[in-house]
Amino acid sequence: MAMDSGAPRESFRLSMLLYDTRYRSYTIQIFALMLLMLGAAWLIDNTVKNLAVLGKDFSFRFLWSTAGYDISQRPIEYNSTMTHGRAAIVGLLNTLILAIMACTLATVLGVIAGVLRLSNNWIVARLMTIYVEVFRNIPTLLWILIFGAIMTEAMPPPSAFRGDDPAASMLVFDSIAVTNRGIYVPEPLFSRSLGNLDLGGVQPSWDAIAFIVVVVLSIWANIRLVRHATKVQNATGVRPKTWWKSILILLGPAALLLIALGFHLGYPELRGFNFTGGIHMRNSLIAMCLGLGIYTGAFIAENVRAGILAISKGQTEAAFALGMQPGKTMRLVILPQALRVIIPPLISQYLNITKNTSLGLAVGYMDLRSTLGGITINQTGRELEGMMLMMLVYLVVSLTISGVMNVYNSRIKLRER
């Protein structure tokens, strides 16, 4: 008969919830959760009582009432007879458009400035240092106001483009007009359009959807091509030439689609007192894009510089020993490794740009903060519902950006054997 040599199990006592390390963490977490739930219950109860005192209820019906105000920058159809919900959608689209434009500008400027700040050329390095130190130490709102004033006061009026000998001329083959009312650029048009997808409040173009799908599939096919070339190189030591195949894959399908849809450009034309046709990017959008992009680009430049300096000099010396040029060394050896240091703080900068779009009210840019969080709340008196919706939208957008960038960060992180 086998004897049980193990020690007798200790019976459970309530004091173990505090003094036993096996249970103490659970006790603290449960206690903290209870406090959080009590705080939330008090907050909800206090809100309900205050609303009752004011004679208000909690409802989102105001989103279906007539807005009664105009929005200058409209990516989709909108007029003052439409609903507050439609106005909120327009404001959200304006926020996303501005965030994408500013993030792109900030990334390009940040990478260029960060790399050039480490240049051996003393003048170039000092110029980039001046850019970084000046722009990141002055509040972004001031830069937005400065760029707004420049676009409004320093640019020529549309009347300056009129006459046989005009005081101002259009740029890039007479296709772009920079005025004190904004910038007019050519718009894409299709003679054989596929029409629009009717989703009720929003009607996206089938042409744009088809183009995006083709571009995404082309990028996916090119990634597969590059992976196959890498696999062949690892097996044979010789990398097959893929540059011409990549060009065909990336540009060919998109070009064929545009030809099939009858793609052509609609140029802005001066008629009467203003330009008509083309895409009108107002001064408020340009000021916000330049202010946010150039300001945040100074911070991204420091992130890029820190990422490059984090790479051992031995990597550069090894690349030079193999006969690689400095440009290829930076592009193929240093920057891919530096991305592991650059990406995490870059996520924070993208989030800052997205949240700082709420400063658009200072220059009259109608974003989500100005529509749903501004005029709509003032007209309907639904400050609680409006603020909750606005907080939810910003939360979802920020978490989406963070999630996408974290996925990319996990794909490029260092994997040890």
State the percent of C-alpha pairs, over all pairs in the chain, separated by a distance greater than 26 angstrom. 71
Efficiency of FRET between residue 13 and residue 241 - r from beta-carbon atoms, R0 51 angstrom, step 0.05: 0.10
Suppose the chain between residue 77 and residue 398 were pulled fully straight at 0.36 nm per residue; how much longer would it get relative to their current alpha carbon spacing? 112.9 nm
So the carbon and sulfur contribution to the accessible area of region 131-197, 1.4 Å probe, in percent, is 62
Quick check: from the Cα gyration tensor, does region 147-290 come out rounded (a/c under 1.5), prolate or oblate? prolate
Would you calculate the separation in nanometres between label points at residue 149 and residue 134, each defined as 7 Å from the Cα along the Cα-to-beta-carbon direction? 1.5
At 0.36 nm per residue, minus the direct Cα-Cα distance, what do residue 328 and residue 250 gain on full extension? Give it in nm, one decimal, please. 25.8 nm
Potential lengthening between residue 279 and residue 174 on full extension [0.36 nm per residue; Cα-Cα distance subtracted]: 36.4 nm
Relative packing of peptides 401-409, 46-54 - highest average C-beta neighbours within 10 Å first: 401-409, 46-54
Rounded, prolate or oblate: which one fits region 315-383, using the alpha carbon gyration tensor with axes a ≥ b ≥ c (rounded when a/c is under 1.5, else prolate when a/b beats b/c, else oblate)? prolate
Just add up the charged neighbours of residue 259: K/R +1, D/E -1, any other residue whose Cβ is under 14 Å from the Cβ of residue 259. 0
Summarise the accessible area of region 326-415 (1.4 Å probe, protein heavy atoms) by the percent that is carbon and sulfur. 66
For the ranges 163-170, 271-278, what's the packing order if you count other beta-carbon atoms within 10 Å of each residue, average per peptide, and put the highest first? 271-278, 163-170
Residue 118: net charge of surrounding residues, Cβ under 13 Å, Lys/Arg +1, Asp/Glu -1, itself excluded? +3
Quick one: net charge of residue 301's neighbours, Cβ under 14 Å, K/R +1, D/E -1? +2
Cβ-derived FRET efficiency at R0 60 Å, residue 28 paired with residue 234, nearest 0.05: 0.75
What does the C-alpha gyration tensor say about the overall shape of region 37-177? Classify as rounded when a/c is under 1.5, otherwise prolate if a/b is larger than b/c, or oblate. oblate
Which whole-number percent is the relative contact order of the chain (Cα, under 8 Å, 6+ apart)? 22
List the residues whose amide H sits under 5 Å from the amide H of residue 20, counting only those 5 or more places along or on another chain, with H placed 1.01 Å from N in the peptide plane. none
Round to a whole number: what % of the accessible area of region 231-278 belongs to carbon and sulfur, probe 1.4 Å? 69
Sort 62-70, 90-98 by packing, meaning the average of other beta carbons within 10 Å per residue, with the highest value first. 90-98, 62-70
Rounded to whole Å², per residue accessible area for region 13-74 with a 1.4 Å probe reads 82
Scanning the chain for helices, which whole DSSP H stretches are 15 Å or more long along the axis (Cα) and average 0.5 or more by Kyte-Doolittle? 21-54, 84-116, 122-136, 206-236, 243-260, 283-309, 383-412
Could you give the accessible area per residue of region 265-370, probe 1.4 Å, as a whole number in Å²? 45
Counting each DSSP H run of 4 or more residues in the chain as -39500 (n - 2.57), what helix-only mean residue ellipticity at 222 nm follows after dividing by all residues, to the nearest 500 deg cm²/dmol? -19500 deg cm²/dmol
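The values are calculated or read from the model by the stated rules, or taken from the named source; none is laboratory data. All values reported here derive from a predicted model rather than from experimental measurement. FYI the Cβ positions are ideal-geometry reconstructions off the backbone, even for glycines, and counts take in every protein chain you see. With ligands, DNA and RNA removed, areas are computed over all heavy atoms of the protein, side chains included. Shrake-Rupley method; radii C 1.70, N 1.55, O 1.52, S 1.80 Å.
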